[in-house]
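Structure first, then comments.
The values are calculated or read from the model by the stated rules, or taken from the named source; none is laboratory data. Model, not experiment: these values are computed from the prediction. Cβ placement follows ideal geometry from the backbone for every residue including glycine, while neighbour counts extend to all protein chains displayed. Each accessible area value is taken on the protein alone, full model and side chains, heavy atoms only, with ligands, DNA and RNA left out. Shrake-Rupley method; radii C 1.70, N 1.55, O 1.52, S 1.80 Å.
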Amino acid sequence: MVGCALVGFVIERAAYRPLRKAPRINVLITAVGVSLFLEFSGQLLFGSDPKSFPDLYRPAVDWSIGQLKINTLQVVVFVISLTLMAILQYIIFRTRLGRAMRAVSFNHDLASLMGIPTDRVISYTFMLGSGLAGAAGVLVGLIYKRIEPLMGVMLGLKAFVAAVLGGIGTVTGAV
């Protein structure tokens, strides 16, 4: 999570900060470009062949309810996911950083006039999101055991659709 947060900080500084005053379409195109850059640089660095994810936790018990089969690994991943979402919810709605994040997302210029360091808040937001993405990658690796360079594309698309349907501005809606 820490490594991904640092990568998120660098990406925000290098790719998104220069576009802060640019039209939204420029930011959208940059997001696609950064995504492709990360995917294909990962392929250059690690190779394009599938890798196996190490067994960090072996399921001890399987439960079955009719056709539904659940093992302890799935329960552990679910509990960790809920915990991370609760922590995110706490950060957004119960901390000064969360209040600043909400203010910046509501009106960037007005938040700046109120004394909120908008550039720093946006950097923290990128770091938080990137750290959570790192945790999600590990949790997905625990479940699927086989890591492929572009395996996150479909999961990311499904997550985006879920966020849009549930509500972009709400964590619980996205869940």
Give Val153, Val171, Val164 a once-over and let me know the one that is under 22 Å from Gly47 (Cβ atoms), of a type outside the set (D, E, K, R) and at pLDDT below 90. Val153
Which residues, counting only those in the stretch 143-157, are closer than 25 Å to Val79 by Cβ and of a type in the set (Val, Ile, Thr)? Ile143, Ile147
How many residues are polar (S, T, N, Q) and open to solvent by 60 Å² or more (accessible area, probe 1.4 Å) when one looks only at the stretch 69-88? 2
Here are Phe93, Phe46: which of them is exposed (fewer than 15 other Cβ atoms within 10 Å of the Cβ), closer than 21 Å to Gly173 by Cβ and hydrophobic (A, V, I, L, M, F, W, C)? Phe93
For the stretch 146-175, name all the residues that are in a loop (DSSP other than H, G, I, E, B), in contact (Cβ under 8 Å) with a residue 12 or more places away in the chain and open to solvent by 70 Å² or more (accessible area, probe 1.4 Å). Glu148, Leu150, Gly169, Val175
What number of residues in the stretch 100-110 are closer than 16 Å to Thr170 by Cβ and within 20 Å of the chain's Cα centre (by Cα)? 3
When the stretch 96-121 is checked residue by residue, the ones that are of a type outside the set (Gly, Ala, Ser), assigned to a helix (DSSP H, G or I) and surrounded by 11 or more Cβ atoms within 10 Å (Cβ to Cβ) are Leu97, Arg99, Met101, Arg102, Val104, His108, Leu110, Thr118, Asp119, Arg120, Val121
What are the residues in the stretch 123-135 that are touching a residue at least 40 places away in the same chain (Cβ under 8 Å) and either out of contact with any Asp or Glu (no Cβ under 7 Å at 6 or more places or on another chain) or over 27 Å from Arg20 (Cα atoms) (or both), if any? Met127, Leu128, Gly129, Ser130, Gly131, Leu132, Ala133, Gly134, Ala135
Tell me, please, whether a residue that is under 24 Å from Gly131 (Cβ atoms), open to solvent by less than 50 Å² (accessible area, probe 1.4 Å) and of a type outside the set (Val, Ile, Thr) can be found in the stretch 51-65. yes
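Here is a yes/no grid of residues against (1) over 23 Å from Leu150 (Cβ atoms); (2) without any contact (Cβ under 8 Å) to a residue 40 or more places away in the chain:
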site	(1), (2)
Val2	yes, no
Arg13	yes, no
Ser41	no, yes
Phe46	no, no
Trp63	yes, yes
Residues that are hydrophobic (A, V, I, L, M, F, W, C) and within 23 Å of Val140 (Cα to Cα): does the stretch 19-30 have at least one? no
Is there a residue being among the aliphatic types (A, V, I, L, M), within 28 Å of Ala15 (Cβ to Cβ), in a helix (DSSP H, G or I) and at pLDDT 90 or above anywhere in the stretch 68-83? no
Val34 more than 26 Å from Phe126 (Cα to Cα) and open to solvent by less than 80 Å² (accessible area, probe 1.4 Å): no
